[in-house]
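Colleague: Quick one: this structure, given as structure tokens, is what I'll be asking you about.
The values are calculated or read from the model by the stated rules, or taken from the named source; none is laboratory data. Owing to the predicted nature of the structure, the values given are computational and were not obtained by experimental measurement. Here the Cβ positions follow ideal geometry from the backbone for every residue, glycine too, while neighbour counts run over all protein chains shown. Please note that ligands, DNA and RNA were not included when accessible areas were found on the heavy atoms of the full protein model with its side chains. Shrake-Rupley method; radii C 1.70, N 1.55, O 1.52, S 1.80 Å.
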Amino acid sequence: MKTPPIFTSKTIDFFSSLTEMELSLPYVEKGISAGFPSPADDFIDATIDLNKEFIKNPSATFYGRVKGNSMKNAGIDNGDLLIIDKSLEPKDGKIAVCYIDGEFTVKRIKLDKDCIWLIPENDLYKPIKVTADNDFIVWGMVVHVIKSF
């Protein structure tokens with residue numbers, strides 16, 4: 001059964017993180033060769049819990065499914081799933097989910113002395129200058145991207 005979003009906008013759908021149960025999956029501990037093939041193990045006995053691996057602050061962590069391609073040069077594509085941590089402080093050069101003038105957006109943050117810039121990673125989009133006139137918050141920091149192929 002597919003989990004419904006807790007909030008949807010034209011740029012991102014938000015989902016809560018459910019970390020109460022363990023999510024243990026088989027794990028190839030020795031790594032997987034991206035060059036020449038290596039002999040496969042007869043069995044995999046290690047597991048990994050994706051909740052423990054990717055979610056450091058469960059009560060402040062949310063998922064967001066990306067709609068659009070303004071961040072494609074940063075490797076964030078339409079349909080990708082973001083892991084967003086609301087407890088982290090915004091840092092210059094990091095990617096964040098921001099709320100500006102009634103809309104959510106995913107952009108790289110550029111902190112200047114007098115303003116904040118929201119920088120897209122696609123030449124088809126222009127940077128957004130955030131001033132005191134904008135209704136603006138950094139909603140959360142992107143900590144991981146789960147790709148869809």
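Colleague: Could you go through the range 139-146 and let me know if any residue there is part of a strand (DSSP E or B), open to solvent by 70 Å² or more (accessible area, probe 1.4 Å) and closer than 19 Å to Phe54 by Cβ.
Modeller: Checked the range 139-146: at least one residue is part of a strand (DSSP E or B), open to solvent by 70 Å² or more (accessible area, probe 1.4 Å) and closer than 19 Å to Phe54 by Cβ.
Colleague: Quick one: in the range 90-122, of everything that is in contact (Cβ under 8 Å) with a residue 24 or more places away in the chain and out of contact with any strand residue (DSSP E or B) (no Cβ under 8 Å at 6 or more places or on another chain), which residue is most open to solvent (accessible area, probe 1.4 Å)?
Modeller: Taking the candidates together, the pick is Glu103.
Colleague: Residues that are modelled with pLDDT of 80 or more: find the strands (runs of 3 or more DSSP E) completely inside the range 11-76 holding 1 or more of those. Before you say what the answer is, go through the steps one by one.
Modeller: Numbers: elements: 12-16, 24-27, 46-49, 61-66.
Here the list reads 12-16, 46-49, 61-66.
Colleague: Tell me which of these Leu82 doesn't satisfy, since it passes every other one: (1) among the hydrophobic types (A, V, I, L, M, F, W, C); (2) part of a strand (DSSP E or B); (3) in contact with a helix residue (DSSP H, G or I) (Cβ under 9 Å, 6 or more places away or on another chain).
Modeller: (3)
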